[in-house]
Amino acid sequence: GMGMGMGDVQSQVLCLATPPVKDDWCDTNCNRKPANCPLELCLCNGTRPTSIYCSPGMSCWPSSAKINALRNSLNPNATRILAWQGGNNPRVSAVPFFSPDDQPLYGLGVSGLKALYVREQSDLQGDCFLPLESPFTPEYCLAATRNGPYEGWTPAFTVWPLNAQHIQAAVKFAVEHRLCIMVAGTGHDFLNRHSCKDGVFIRTSLMKNIEWDLNDSKNFGHSEGNVKFGPGIVFSEAHKSAADNNRFISSGWALTVGVVGWSIGGGHGPFSPSKGLGVDNILEVEVVLANGNLVVANSRQNSDLYWAIRGGGGSTWGVIASITFKAHEIPDGGFTVLEAVWEGNMCAQGEQLLHSLVDNSLALIQSSNSKWGGLTFISPSPSDDPNDCGATWSFMTQNVFQGPQNHPEVNFVITNVSSVAPLSSGGINNFPNWYAAMLTRDLEPIIPLNAYSPTGAHSGGLTSVLLSREVIESGIFAQGVKSELGSCKDRSFCPRFELYHDVTGNIGSPQDPNVSISSGFRTALVHLVYFFAPKEVEQFLYLLGENSYFSESSYSMESFGERYWGRENYKRLKRIKNKYDPNRAFSCHNCVGSE
């Protein structure tokens, strides 16, 4: 291997931690070396096994006695309810499409979940949730519901822990049997990082503790206080609790995205320009490592791991058992939300208006200070109607201001936005806290099917590019967008441009250096997401920005380490990965060290 010592703990689990050389773990007669390393995982005669993890039928596979021992260690008789109470109650987890009463897991958690779901042979007789007209939905599938699973990777064991001790039991079980570990707080990820083949799926959705420390008694140095969230908390719950404490947190836009997964990959949202990205708001994490230990990581303790988790992404470092976040005082005048929608076609006048909207929107973004965060969606659609000249489009922009509706800056933006052309629809609303705003937002359901996989034409997932102020100012991006929108006239399918002007490149935005995100992310003015971009368009967009966002990006990506984190950060992240998880207990698609 890499000169790692073969101590007792390692010899039990380390068979192939790194790309091996000939006869690395077996002697010339194919005998196991060390003796208790499963023979099937040994390297023999220069051939490498297809996986470094255990598969059914191997000697390393857990016996029914071991499985029962795991189940009994999870307090199996405890109540495990995961259900939305309806009305104005906060959402509790990701909701799959077409779920009755908008319940998570198609309602499996309403009457109570089991501590452990074990995949049986009968669970492999169909593909989960297919065919759509009569879907295959055994309990096993419902318990493993997650967004966009791909590659046919399914868990052999799904664990629903209630506390850190349960997580430790699941991790130790996985490591003992050399099973891959998959982790999800809510299941929103769409890049298959919540999936691995025949592994242990640790779902932290039921861990919903919230502890407020409004006076910074823990001495983190953030005077407006902090809040400790369990890893099952989603933004709907977080903002409800924050509003009850006269606070808000930096968050994403969606109701059911989890605080943990969002923040550790980067985390952009309406308040990021002033209060920082998700990574900037992490003060401390409790994490169960591959060795089964529960450790604290903050700026003073395990500070290298703290840096890595502030941007290094999930399913990589361990299983997070809690996250402590900065709390922020609600601004005077609350939150003002402006929404504007225009619609048109691609005839001369319509296309000219679309170009004006692109230019005006980008100019407004460049002049925005840190009190503003927003998003702009440009959605073209092919049309057979001869009056549309090949296509129609809608242009929607939403801007959130921290302050009252009658503020001069708000009036300026209203005047600016409405000067381009009369709106098709829109409005302005003020909210006393962000939970009140969230109650007006639409649910964004997850799709528990392979919906984001690569094809010959595109790279899967969503093309992501972080755009600098310089690139926006140069006009090259606006030119490319207009050209791509124009080509919709000759296509059967037209992707949507999503511009998130909710990162930390605004005038006056804070830019904490103690994070592992790329410098391109740190200073970006816009995060661009382009759905199902043709590969040649993706290559053009990659020329505009050398970094992409870990949590919203293409499934297939060359040199992902440099695109996500930058070369030097990625080298450091890999060193930290080798320190805390030398045997690759945690690995996921295009994650740190997964090459």
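Just a few scattered comments:
- Taken together, Glu536, Glu568, Glu498, Glu546 contain a single residue that is open to solvent by less than 20 Å² (accessible area, probe 1.4 Å) and more than 30 Å from Val171 (Cα to Cα), which is Glu498.
- Pairs where the first residue, in segment 332-350, is more than 19 Å from Ser381 (Cα to Cα) and among the hydrophobic types (A, V, I, L, M, F, W, C) and the second is part of a loop (DSSP other than H, G, I, E, B) and open to solvent by less than 10 Å² (accessible area, probe 1.4 Å), C-beta under 9 Å, 6+ apart: Phe335/Pro270; Phe335/Phe271; Phe335/Gly403; Val337/Pro270
- When the criteria are applied in full, Pro454 fails the requirement of being touching a Ser or Thr at 6+ places or on another chain (Cβ under 9 Å), open to solvent by 50 Å² or more (accessible area, probe 1.4 Å) and either on the phi > 0 side of the Ramachandran plot or not aliphatic (A, V, I, L, M) (or both).
- The one condition from (1) buried (at least 20 other Cβ atoms within 10 Å of the Cβ); (2) without any contact (Cβ under 8 Å) to a residue 60 or more places away in the chain; (3) over 21 Å from Gly566 (Cα atoms) that Pro273 does not meet is (2).
- Filter result (in contact with a strand residue (DSSP E or B) (Cβ under 6 Å, 6 or more places away or on another chain) and open to solvent by 30 Å² or more (accessible area, probe 1.4 Å)) within segment 395-404: Met396
- Output for segment 464-480, where each listed residue is closer than 29 Å to Ser263 by Cα, open to solvent by less than 30 Å² (accessible area, probe 1.4 Å) and part of a helix (DSSP H, G or I): Val471, Ile472, Phe477
- Of all residues in segment 156-170, those that are farther than 17 Å from Pro62 by Cβ and under 21 Å from the mean Cα position of the chain (by Cα) total 3.
- Residue within segment 400-415 that is in contact with a Lys or Arg (Cβ under 8 Å, 6 or more places away or on another chain), at pLDDT 95 or above and within 19 Å of Asn360 (Cα to Cα) present: yes
- Leu142 being farther than 20 Å from Val319 by Cβ and part of a helix (DSSP H, G or I): yes
- When residues of segment 516-542 are limited to those that are closer than 15 Å to Ser556 by Cβ and charged (D, E, K, R), the one farthest from the chain's Cα centre (by Cα): Glu536
- Glu133 vs. criteria of a type in the set (D, E, K, R), open to solvent by 40 Å² or more (accessible area, probe 1.4 Å), free of Cβ contacts under 8 Å to residues at least 60 places away in the same chain and closer than 23 Å to Asp102 by Cα: yes
This table checks each residue for (1) under 17 Å from the mean Cα position of the chain (by Cα); (2) outside any loop (DSSP other than H, G, I, E, B); (3) β-branched (Val, Ile, Thr); (4) surrounded by fewer than 24 Cβ atoms within 10 Å (Cβ to Cβ).
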{"position": "Ile264", "(1), (2), (3), (4)": "yes, yes, yes, no"}
{"position": "Gly267", "(1), (2), (3), (4)": "yes, no, no, no"}
{"position": "Val279", "(1), (2), (3), (4)": "yes, yes, yes, no"}
{"position": "Asn291", "(1), (2), (3), (4)": "no, no, no, yes"}
{"position": "Val295", "(1), (2), (3), (4)": "no, yes, yes, yes"}
{"position": "Ala308", "(1), (2), (3), (4)": "yes, yes, no, no"}
{"position": "Gly314", "(1), (2), (3), (4)": "yes, no, no, no"}
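- Checked against (1) under 30 Å from Ser459 (Cβ atoms); (2) without any contact (Cβ under 8 Å) to a residue 12 or more places away in the chain, Gln125 passes all but a single condition, namely (1).
- Every residue from segment 74-126 that is within 17 Å of Ala144 (Cα to Cα), part of a loop (DSSP other than H, G, I, E, B) and of a type in the set (A, V, I, L, M): Ile81, Leu82, Ala83, Val92, Ala94, Val95, Leu108, Val110, Leu113, Ala115
- Residue-level analysis places Ala421 among those that are of a type in the set (A, V, I, L, M), touching a helix residue (DSSP H, G or I) at 6+ places or on another chain (Cβ under 7 Å) and in contact (Cβ under 8 Å) with a residue 60 or more places away in the chain.
- Verdict on Tyr555 being farther than 30 Å from Asp359 by Cβ and either open to solvent by less than 50 Å² (accessible area, probe 1.4 Å) or of a type in the set (Phe, Trp, Tyr) (or both): yes
- Check on Ile210, surrounded by 21 or more Cβ atoms within 10 Å (Cβ to Cβ), more than 14 Å from the chain's Cα centre (by Cα) and among the β-branched types (Val, Ile, Thr): no
- Pairs are defined by a Cβ separation below 9 Å, a sequence spacing of at least 6 or placement on different chains, a first member in segment 225-242 that is open to solvent by 10 Å² or more (accessible area, probe 1.4 Å), and a second member that is in a helix (DSSP H, G or I); the pairs so defined are Glu237/Val259; Lys240/Tyr435; Lys240/Met438; Ser241/Tyr435.
- The test for being modelled with pLDDT of 95 or more, surrounded by fewer than 22 Cβ atoms within 10 Å (Cβ to Cβ) and in a helix (DSSP H, G or I) holds for Glu562.
- Taken as a whole, the condition of being aliphatic (A, V, I, L, M) and either closer than 30 Å to Gln402 by Cβ or under 20 Å from the mean Cα position of the chain (by Cα) (or both) applies to Val227.
- Filtered by the rule that a residue be open to solvent by 10 Å² or more (accessible area, probe 1.4 Å), small (Gly, Ala, Ser) and in a strand (DSSP E or B), segment 323-355 gives a lone residue, Gly344.
- Extreme residue, nearest to Asn298 (Cα to Cα), among residues of segment 518-532 that are open to solvent by less than 10 Å² (accessible area, probe 1.4 Å) and in a loop (DSSP other than H, G, I, E, B): Ser518
- Qualifying residue in segment 405-416 (condition: open to solvent by 30 Å² or more (accessible area, probe 1.4 Å) and hydrophobic (A, V, I, L, M, F, W, C)): yes
- Condition check for Ser217: in contact with a helix residue (DSSP H, G or I) (Cβ under 7 Å, 6 or more places away or on another chain) and under 28 Å from Ser509 (Cα atoms): no
- Search result, residues across segment 82-130 that are acidic (Asp, Glu), open to solvent by 70 Å² or more (accessible area, probe 1.4 Å) and in contact with a Leu (Cβ under 9 Å, 6 or more places away or on another chain): Asp127
The values are calculated or read from the model by the stated rules, or taken from the named source; none is laboratory data. Just so it is clear, the structure is predicted and the values come from calculations on it, not from any experiment. We place every Cβ from the backbone using ideal geometry, glycine too, and count neighbours over all the protein chains shown. Remember, those area values only see protein heavy atoms, side chains included, never the ligands or the DNA or RNA. Shrake-Rupley method; radii C 1.70, N 1.55, O 1.52, S 1.80 Å.
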